1. Name the shape class, rounded, prolate or oblate, that the alpha-carbon gyration tensor gives for region 67-132, where a ≥ b ≥ c are the square roots of its eigenvalues, rounded holds for a/c under 1.5, and otherwise prolate holds if a/b is larger than b/c and oblate otherwise.
2. Sort 126-137, 44-55 by the packing proxy (mean of other Cβ within 10 Å over each peptide's residues), most packed first.
3. So what is the relative contact order for the chain, in percent, with contacts set as C-alpha pairs under 8 Å and at least six apart?
4. Among rounded, prolate and oblate, which fits region 36-105 when a ≥ b ≥ c are the square roots of the eigenvalues of its C-alpha gyration tensor, a/c under 1.5 means rounded, and a/b larger than b/c means prolate?
5. Within 10 Å of each residue's Cβ, count the other Cβ atoms and sort 84, 56 from fewest upward.
6. From the C-alpha gyration tensor of region 90-188, pull out the three semi-axes of the equivalent ellipsoid (sqrt of 5λ each), sorted largest to smallest, in whole Å.
7. Counting only C-alpha contacts under 8 Å and six or more residues apart, can you give the relative contact order of region 53-115 as a whole percent?
8. Taking 0.36 nm per residue of separation and subtracting the Cα-Cα distance, what length does fully extending residue 59 through residue 26 add?
């Protein structure tokens, strides 16, 4: 059982019977001498991706979860399910569209670096890489001489994702997109 002070980003723990992954840790050291250091942690439910904020003292114990991360590859869409194939044993896993709602705009054919999460032997979710490379399918024309840090414009992608990009980019260009914050990072 891990202590709150030992948690790292990406760790999975059990809270109130559900598995949660650590998304962000904010450490607060109080100024009074006898006070404990507090750890304000933002969790995401492994299955539903719902956020949960909790504050712990450094020596508070959290429950262990039998979590296994496996490399998977997106295969195809079957009615209301996305099908992923395990890259080691080639078994297939199904996730419903509503379980993956926030991740759908980033899933494209041939996407590398997807990790499948299995809790107690059951396939429950996927983790996307920090960034993905996508091709712009629709945006207003690029402006010659526009500076890199100046104004932005909305750009659409084949998956339906719309983000702000620098105004010098054009349709057909490939860009790197941050999957955590849904924002433009750089040209690919």
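Here, each number is a calculation from the coordinates, and none is a lab measurement. Not measured: the values here are computed from a predicted model. Methodologically, a virtual Cβ is constructed for each residue, glycine included, from the backbone with ideal geometry; neighbour enumeration extends over all protein chains shown.
1. Judged from the Cα gyration tensor, region 67-132 comes out rounded (a/c under 1.5).
2. On the way: 126-137: 17.2, 44-55: 14.3.
The densest-packed peptide leads the list: 126-137, 44-55.
3. Numbers: 398 pairs, mean separation 26.0, N = 188.
This gives 14 percent for the chain.
4. Details: a/c = 3.93, a/b = 2.06, b/c = 1.91.
Prolate shape, in that a/c is at least 1.5 and a/b is the bigger ratio.
5. Working: 84 23, 56 19.
Arranged by neighbour count, lowest to highest, 84, 56 become 56, 84.
6. Values: eigenvalues 202, 27, 24 Å².
Sorted largest first and rounded, they come to 32, 12, 11 Å.
7. Working: 67 pairs, mean separation 19.2, N = 63.
Computed over region 53-115, the figure is 31 percent.
8. Working: separation 33, 0.36 × 33 = 11.88 nm, distance 1.54 nm.
So the extension gain works out to 10.3 nm.
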